[in-house]
Amino acid sequence: MNILKIDHIGIAVKNLAESSKLYEMLGIASAGVEEVAEQKVRVSFFPVGDSEIELLESTSPDGPIARYIEKNGEGIQHMALRVDDLEAALAELKTKGVRLIDEKPRYGAGGAKIAFVHPKSTGGILLELCER
Ligand code: ZN
């Protein structure tokens, strides 16, 4: 498995427009807003150097981000590592006994292929692997 970099940090927010103001105030412009229907979220990416901050707002009260906020409040929800070959990375983790949420890549914002690793296998961190 080849980890290339920290791709982004995902932050769960109640209101995308409201939460975007902080990053705009810091001089970081959004690279655009996209709705990912499958995950019931609207996301906005704020590029910071070689990585990004991803703000996630739920589009449904039963979506994963709404449930996360209900349980934990707003805040950092996941960390994403970029890999060069997601399917190979998932296969390797599976053989190592790592618990995966997604055994196969799914669609992520910006056309990325993504998959989540279960927090039970990562010391409590929801880890996203992504390939762009
Ligand atoms: Zn993400």
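Side notes on the structure shown:
- Hits in the range 123-132 (condition: within 19 Å of Leu4 (Cβ to Cβ) and surrounded by 15 or more Cβ atoms within 10 Å (Cβ to Cβ)): Leu127, Glu128, Leu129, Cys130, Glu131
- Taking the range 1-47 as the range and being more than 14 Å from the ligand (Cβ to nearest atom) and β-branched (Val, Ile, Thr) as the test, the residues that pass are Ile3, Ile28, Val33.
- Of all residues making up the range 1-40, the number that are free of Cβ contacts under 8 Å to residues at least 40 places away in the same chain and of a type in the set (A, V, I, L, M, F, W, C): 9
- One residue stands out in the range 68-115 among those that are closer than 30 Å to Ser20 by Cα and either away from the ligand (no atom under 16 Å from the Cβ) or among the polar types (S, T, N, Q) (or both): the one that is surrounded by the fewest Cβ atoms within 10 Å (Cβ to Cβ), namely Lys71.
- Filtered by the rule that a residue be small (Gly, Ala, Ser), within 15 Å of the ligand (Cβ to nearest atom) and surrounded by fewer than 19 Cβ atoms within 10 Å (Cβ to Cβ), the range 48-62 gives a lone residue, Ser51.
- Scanning the range 85-132 for residues that are of a type in the set (A, V, I, L, M), in contact with a Lys or Arg (Cβ under 8 Å, 6 or more places away or on another chain) and assigned to a loop (DSSP other than H, G, I, E, B) yields a total of 1.
- Of all residues in the range 1-14, those satisfying the criterion of being surrounded by 12 or more Cβ atoms within 10 Å (Cβ to Cβ) and not in a strand (DSSP E or B) are Met1, Lys14.
- Residue within the range 28-39 that is acidic (Asp, Glu) and farther than 22 Å from Pro105 by Cα present: no
- A residue that is touching a residue at least 40 places away in the same chain (Cβ under 8 Å) and touching a Gly at 6+ places or on another chain (Cβ under 8 Å) occurs somewhere in the range 80-87.
Taken together, the values in this text are just the output of simple stated rules run on the coordinates, not laboratory data. Bear in mind that the values here come from a model prediction, so they are computed numbers and not experimental data. Using ideal geometry, Cβ is built from the backbone for each residue, glycine included, and neighbour counts are taken over all protein chains shown.
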